[in-house]
Amino acid sequence: MNLVSASWLPPLFAAGLLGEPVSVTHYLVVGAILFTAGIVCMAIKRNALGVLMGIELVLNGANVNFVAFASPYLRGEGAVSLGLDGQVIALFVILLAAAEAAVALAITLNFYNNHSTVDIDRADDLKG
Amino acid sequence: MADFLIESIGLPEWLAWTVMAGVAAFLILNVIAGGALVFIWAERKIAARIQDRLGPTRTGGRFGWLQSLADGIKLLAKEDLMPEGADGMLFRIAPYVSFCASFCAFIALPFAFDFVGQRLNVGVFFVVAVLGLEVFGVILAGYASASKWSLFGAMREAAQVVSYEVPLGMCVVVPVMLAGTMDLVTIAEKQAGWFTSWYLFHDPFTFVIFWVYVTCAVASVNRAPFDLAEAESELVAGFHTEYSGLRWSFFFMAEYGSMFLVSALAALLFLGGWNGPIPVAQLLGLSEGTGDTAHYLVRLIGCGNLLLKATLGVLIMMWVRWTLPRLRIDQVMATCLKYCTPIAAAMFAGAMLWQLFLPGGLIPGLGRPAGEIREGWLEGPGGMTAAPAAAPNEKPNETPSKKVAQVVR
Amino acid sequence: MNFGTLITNLLNDTVAVSLPLFRPELALAATIVLLLLCRILPVLRHLDSALVALGGVGFALWYAWCDLRGLPVGDLAAGRQELFTGLIVFDSLTAYVRLLLMGFLVLYILFTRVSGIPDREDGADFYSLVLGSTLGMCLMASANHLLMLFMAVEMASVPSYALAGLLKGRRASSEAAIKYAVYGAGAAGIMLYGLSLLAGVLGTCHLPSMAVELSKVAGVGAASGTVMVLSLGGLMLAVGLAFKLSAVPFHFWCPDVFEGAAAEVGAFLSVASKAAAVALLLRVAFGLGVDESRQFIVYAIGLMAAVTCTLGNLAAYGQTNMKRLLAYSTIAHAGYLMMGVAAAVAMAGVFPAGSRAAVTAVAFYLGTYVFMNLGAFAIVALLRNTLRSEEISAYAGLVRTSPGIVVATAVVLVSLIGLPPLAGFISKFLIFASLVEAITSGAERPLMLLLLVIGGINTVISLFYYLRVLKVMTFDPPPAERAHEAFPLVSLPGALVTALVVPVVAFGIFWSGLYACAQLAGAFAS
Amino acid sequence: MTGATLLAAINFHTLLFLLFAGLACGFAVAVVLADNVVRMALYLVLSLASTAGLFFLAGAEFIGAMQLMIYVGGTLVLLVFGVMLTAQAPFVSIKTSTGDRVLAGVVAASLLALLLQAAFSVDVWRRPGVGEVAPPAATPLGMALVGARVDEPAAGAPATAVRSGYLLPFEIVSIHLLVVLVGAAYLARAKRRRTPRAIEVAASVESPSESVQSTGSRAAATGTASALVSGGSR
């Protein structure tokens, strides 16, 4: 039991991180981190497939939010709840993301066939 | 079991749960690892007999039954090699990814009514989904090995597994539709009674779709004749060309684990799960709550039933492997997209129409009307406050064993 | 209620109420399946996919026309009906935009058939993508629920990504497709995150319910945190809408995609996509524009409109490629349309009649825009087939060999500027008139004044770059090496151009018919 | 506090949440930081699988399984497949320049600060969950997809909220998937046998720095890809 009474546990309790049930905000923080990681991924990756991965992260971040708002477990006292709607939206987002990924991948392969690279910075024939 | 620990020994709740989780994990791990040992030995013997040879004979006596253990020790002692151009981290992690996926799926697999790691409301779906993740380990292994053969094998695997998930999913949906739930425990419970109530014999469509399921299941675990990913005559050994020693054995444990898993799933979905062909326990009145020991015994027999059925499935896969020639990649794809998927879709539609127009089955008394199940949806906690119209006698929260008895009567 | 009643109620609602008003979309969906069957079944393989598509769209157009005609004339708000348990809404705006889209599709299929971009082999794929995208746009125009909103945007966008890469072997085309897909998917992701925040605060995804909740939550004494989350969600939603509208600062994809993709695809994106995006903007702005949030929405749309319009017109100056020029012109026109929307939303609270007039103006603008822009792109595509170039310089001296096409170009471009007596003039006049009305009724007066001034200045700016094209066509000497291929007006392409240009003139003079239809759409604001 | 009481005070749901959340966020950041595209794919898989764990914890079991099946098992396999098709040595690791990284870091920090502020700024969201246990059932979800709502209104749902069935999106998404499938197959298909004039003209319209590429050699690879793309996007 010496191991478990190590000094790192009490601070976690003090911050209400371990002892209390999870709240919606916990999930929103995860969603925000995933979303930001996705946006950054889209912005800095030069590999077109890396950019696609960023998109998946962004959509996933939003999905975490929807599921959190829908969850009966997480709802704090007095908060509004999305109920089933949130879950259904998350479900359809997963489906739509799959469709989007299929097209985006086909486009990327087409780009690769024409340019012999997947470096998106080489897509500079058209000056936007 | 956790309740038992808490009440009898007085362990704190958290410790009880941890102990229980540990025990469950240990058991499942042993089913996979021990099962793999037995299955590898069995495969070698069966292969040998089919090819008119003897197979292993020496280690451990007459049938060479210690051969797998000896192999295991050899693998442990073997030098662990890594190709020079390999991506070290991915190369090391790939076998574990495969193994973890196969292992995780066992969490939701029930062995008997309450012999289940975690009873999930979406059990079938979870098992199929997690099983699909095994492909990642293979792809990573293929890529990280820095070998053409491995990469080819991995690409084939990716193509094959993703394609076969479509008809596999459709096959799985049929029993789900018949049972009105995705909970594996309930699906198996609904098939209690004589073997005629197994979903395999529910109607002609389920009978056909069972064989589609078998085909797709064999393909999705990459067994011959669909083992394109490791086609040794073309690709040396496919995705695991560069692996040796313990890491290699992890791939094999994953493969045998998945084989067992899809067979157990077939048993649960189509072959009555842990219910034997003849409801012996019910006939003897054992399941009517005659005491805890009897209950436990029934569970154990059920567990044995399921293991038997799953093992039978694995043996059939071995039989198929050593009998049929390997397909070409285009034939594999054609089988999936041109045959399995349309047949599965048609059978699904057929089973649905059968449910709609012949809910009681052809022979009255043998089938169960769908209305019963559907009405149950609206009752119970979380359902609508519905007035039960069609099935007033059945309460949704009855203990399943009583339900079983009802069906038998 | 038991299971049987539940299913009966559902069937009644779906079959008796929802499906009859969903016939245009159903016709589109059936056509898509039929197009697929054309590829698969040997019996149907020899059918021309363009004809199949035309037939299906013809049905859809007829249904859309019936729906618009079937609207109750007297009490216009009574025509509003929520379909499919509140997921989409059928009202005058839905009916009008749907009719517009279907009419556009008929012309568009004829145009692509003449210009020959999807050949027979790819025709089925091309028309499936176009019809699939249009189906999404119809849903955009009728979305009444956040799920349908997101789904409609995706349904309209994803096939367009594939369309942008239609010319598979061309480097620029694949580049355009990848840029469009990446930016589009990113914008959709941001929009989805915004939607999640909005739904989380308001606790519902149904737009009218959201409005009710919004006025409760954002009312007097609202917590600043809640307001902050709401505005963040609103802005993120605006990113997605602005991308579809190609509004500044989310316009950068537009010129690249239009230049890289075939002119035919450009026409589709520029007209249909814009019409649907404006309809969706109207829906969201009116749906969420309760008293507490209206000013925020009006300012967001208005300022974006001003910047979009100006930047689009200024950037069009330096362009040497006709498709790029039209892309910037598209951006600028999105600006004008958004001005109309801003005016409509601003007046919604204080002066409903003005608001209706503003929506009417936007709807009328969309109606004429179909012909103007489709005409412009058709001319580009057909000239490409003769001249093998889309650069403006290649059009030099065209008046000597083919005067007919130059006259047609002149009509279209002058109408795009907005000079009388062409259709573009009436549309622009109506938009500016509604801005004036907003000023007189005192709704967001400073912003509306600003918009009016900027709109006027922009019209003058646009004069120069449109006229430069005409100048090159008429006064500049033709390049020496040009093949002496004339573009006769008495031919199939010539007939098509005529068919597109005549309405541009006609709607400038006899505009009452279209205006009456647009007025029906305007009833949406009441 | 002794160790035992501390442990007893731990909320295991929260502990699991922290575990999965840490994994999801950690691997998401790893995706951003990694340069090797195959490793990025692996991290993404792990991140999304952990997110599925979060969904399970939030009581959305069906969504979690769906995430595993479609997202991780389908979409990402497809992505990894694309990686393999294009993974030639020079493109596996395309490094991002340091300037970009710094800039991205600053932007990311401010964006994250904004979003976190949004997450923390609504009072009721910060209150610990009431832990109300609704029976996790896929049936209400399935019935909602068919168009009928059999679930009870969620506790805390606004009274005005309209409870919609989801028959329309459920049906219409199939048309969307069909269209998308056609589009993806069109793009990934091998080159045509003959090129009609209009296409040739349109493709030969000069664009800056146009250069002739030999596409024939990759036609075979693209052909396989089309089969796979169509298989994967079902």
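For segment C:213-224, taking the residues that are in a helix (DSSP H, G or I) and free of Cβ contacts under 8 Å to residues at least 24 places away in the same chain, the one that is farthest from D:Ser164 (Cα to Cα) is identified as C:Ser224. Of the residues making up segment C:172-189, those that are more than 7 Å from every other protein chain (Cβ to nearest Cβ), crowded, with 24+ Cβ neighbours inside 10 Å and not hydroxyl-bearing (Ser, Thr, Tyr) are C:Gly184, C:Ala188. Checked against (1) among the hydroxyl-bearing types (Ser, Thr, Tyr); (2) surrounded by fewer than 24 Cβ atoms within 10 Å (Cβ to Cβ); (3) over 19 Å from C:Tyr465 (Cα atoms), C:Ser393 passes all but condition (3).
Of the residues making up segment B:184-202, those that are out of contact with any Phe, Trp or Tyr (no Cβ under 6 Å at 6 or more places or on another chain), within 20 Å of B:Phe115 (Cα to Cα) and not in a helix (DSSP H, G or I) are B:Ala192, B:Gly193.
Does at least one position in segment D:199-214 carry a residue that is more than 9 Å from chain C (Cβ to nearest Cβ), at pLDDT below 60 and either touching a strand residue (DSSP E or B) at 6+ places or on another chain (Cβ under 7 Å) or assigned to a helix (DSSP H, G or I) (or both)? Taking every residue of segment D:199-214 in turn, none turns out to be more than 9 Å from chain C (Cβ to nearest Cβ), at pLDDT below 60 and either touching a strand residue (DSSP E or B) at 6+ places or on another chain (Cβ under 7 Å) or assigned to a helix (DSSP H, G or I) (or both).
Yes or no: segment B:158-173 includes at least one residue that is β-branched (Val, Ile, Thr), over 14 Å from the mean Cα position of the chain (by Cα), under 24 Å from B:Asn222 (Cβ atoms) and surrounded by fewer than 22 Cβ atoms within 10 Å (Cβ to Cβ). For segment B:158-173, residues β-branched (Val, Ile, Thr), over 14 Å from the mean Cα position of the chain (by Cα), under 24 Å from B:Asn222 (Cβ atoms) and surrounded by fewer than 22 Cβ atoms within 10 Å (Cβ to Cβ): present. Condition check: in a helix (DSSP H, G or I), crowded, with 24+ Cβ neighbours inside 10 Å and in contact with a His (Cβ under 9 Å, 6 or more places away or on another chain). Does C:Gly136 satisfy that? Yes.
Using the structure shown, decide if C:Ile88 is within 14 Å of chain D (Cβ to nearest Cβ) and in contact with a strand residue (DSSP E or B) (Cβ under 9 Å, 6 or more places away or on another chain). Judged against the criteria, C:Ile88 is a match.
If A:Ala68 meets every condition in (1) among the small types (Gly, Ala, Ser); (2) within 7 Å of chain D (Cβ to nearest Cβ); (3) crowded, with 24+ Cβ neighbours inside 10 Å; (4) closer than 21 Å to D:Leu76 by Cα apart from one, which number is that one? In the conditions (1) among the small types (Gly, Ala, Ser); (2) within 7 Å of chain D (Cβ to nearest Cβ); (3) crowded, with 24+ Cβ neighbours inside 10 Å; (4) closer than 21 Å to D:Leu76 by Cα, A:Ala68 misses (4) alone. In contact (Cβ under 8 Å) with a residue 60 or more places away in the chain and away from every other protein chain (no Cβ under 14 Å): does that describe C:Ala277? Yes; evaluated as a whole, the condition is true for this residue.
Determine whether segment C:212-226 contains at least one residue that is facing another protein chain (nearest Cβ under 9 Å), surrounded by fewer than 23 Cβ atoms within 10 Å (Cβ to Cβ) and hydroxyl-bearing (Ser, Thr, Tyr). Yes - at least one qualifying residue is present in segment C:212-226.
Hey, B:Thr181 hits all of (1) in a helix (DSSP H, G or I); (2) at pLDDT below 85 but one; which does it fall short on? Only one criterion in (1) in a helix (DSSP H, G or I); (2) at pLDDT below 85 is unmet by B:Thr181, namely (1). Taken together, the criteria exclude B:Ala144 from residues that are over 14 Å from the mean Cα position of the chain (by Cα), surrounded by fewer than 23 Cβ atoms within 10 Å (Cβ to Cβ) and more than 19 Å from B:Val176 (Cα to Cα).
I'm trying to understand the selection: among the residues of segment C:357-396, which are over 29 Å from C:Leu167 (Cα atoms) and among the small types (Gly, Ala, Ser)? Correct list: C:Ala357, C:Ala358, C:Ala361, C:Ala363, C:Gly367. Quick check on D:Ala49: is it at pLDDT 90 or above, surrounded by 22 or more Cβ atoms within 10 Å (Cβ to Cβ) and more than 10 Å from chain B (Cβ to nearest Cβ)? Taking the combined requirement at face value, the residue does not satisfy it. For the residues C:Phe59, C:Phe84, C:Phe111, the requirement of being of a type outside the set (D, E, K, R), crowded, with 24+ Cβ neighbours inside 10 Å and farther than 25 Å from C:Ser270 by Cβ singles out C:Phe84.
Each row is one residue, and each column tells you yes or no for (1) more than 10 Å from chain A (Cβ to nearest Cβ); (2) in contact (Cβ under 8 Å) with a residue 40 or more places away in the chain.
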site	(1), (2)
D:Leu141	no, yes
D:Ala148	yes, no
D:Asp151	no, no
D:Ala161	no, no
D:Pro169	no, no
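Might you let me know whether segment A:111-119 holds any residue that is touching a residue at least 24 places away in the same chain (Cβ under 8 Å), surrounded by 24 or more Cβ atoms within 10 Å (Cβ to Cβ) and more than 7 Å from chain D (Cβ to nearest Cβ)? Taking every residue of segment A:111-119 in turn, at least one turns out to be touching a residue at least 24 places away in the same chain (Cβ under 8 Å), surrounded by 24 or more Cβ atoms within 10 Å (Cβ to Cβ) and more than 7 Å from chain D (Cβ to nearest Cβ). Of all residues in segment C:371-387, none satisfies the criterion of being more than 14 Å from every other protein chain (Cβ to nearest Cβ) and modelled with pLDDT under 90.
Residue check: B:Ala146 meets all listed conditions (1) part of a loop (DSSP other than H, G, I, E, B); (2) within 8 Å of chain D (Cβ to nearest Cβ) but one, namely (2).
Of all residues in segment C:288-299, those satisfying the criterion of being assigned to a helix (DSSP H, G or I) and surrounded by fewer than 20 Cβ atoms within 10 Å (Cβ to Cβ) are C:Gln295, C:Phe296, C:Tyr299. Here segment B:30-63 is the region considered, the condition is being β-branched (Val, Ile, Thr) and outside any loop (DSSP other than H, G, I, E, B), and the residue that is farthest from B:Met318 (Cα to Cα) is B:Val31.
Residues to consider are D:Ala60, D:Ala87, D:Ala109, D:Ala119; find the one that is among the hydrophobic types (A, V, I, L, M, F, W, C) and either touching a strand residue (DSSP E or B) at 6+ places or on another chain (Cβ under 8 Å) or loosely packed, with under 15 Cβ neighbours inside 10 Å (or both). Going through D:Ala60, D:Ala87, D:Ala109, D:Ala119 in turn, just one is among the hydrophobic types (A, V, I, L, M, F, W, C) and either touching a strand residue (DSSP E or B) at 6+ places or on another chain (Cβ under 8 Å) or loosely packed, with under 15 Cβ neighbours inside 10 Å (or both): D:Ala109. For segment C:9-29, the criterion of a residue being within 14 Å of chain B (Cβ to nearest Cβ), assigned to a helix (DSSP H, G or I) and buried (at least 19 other Cβ atoms within 10 Å of the Cβ) is satisfied by no position.
So that you can scan it fast, the table gives a plain yes or no per residue for (1) facing chain D (nearest Cβ under 7 Å); (2) surrounded by fewer than 24 Cβ atoms within 10 Å (Cβ to Cβ):
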{"position": "A:Pro21", "(1), (2)": "yes, yes"}
{"position": "A:Val40", "(1), (2)": "yes, no"}
{"position": "A:Ile44", "(1), (2)": "yes, yes"}
{"position": "A:Ala48", "(1), (2)": "no, no"}
{"position": "A:Leu52", "(1), (2)": "yes, no"}
{"position": "A:Ile55", "(1), (2)": "no, no"}
{"position": "A:Gly61", "(1), (2)": "no, no"}
{"position": "A:Leu74", "(1), (2)": "yes, no"}
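A residue that is of a type in the set (S, T, N, Q), over 23 Å from C:Leu366 (Cα atoms) and either within 20 Å of the chain's Cα centre (by Cα) or buried (at least 24 other Cβ atoms within 10 Å of the Cβ) (or both) occurs somewhere in segment C:125-132.
Among residues of segment B:90-119 that are of a type in the set (Asp, Glu), those with a beta-carbon under 9 Å from a residue that is at pLDDT 80 or above at least six positions away or on a different chain give the pairs B:Asp114/B:Val185.
Of the residues in segment D:87-102, not one is more than 7 Å from every other protein chain (Cβ to nearest Cβ), assigned to a helix (DSSP H, G or I) and closer than 22 Å to A:His26 by Cβ.
The values are calculated or read from the model by the stated rules, or taken from the named source; none is laboratory data. Only a predicted model underlies this, so the values are computations on that prediction, with no experimental measurement involved. Positions of Cβ are generated from backbone atoms using ideal geometry, with glycine treated the same way; all protein chains shown enter the neighbour counts.
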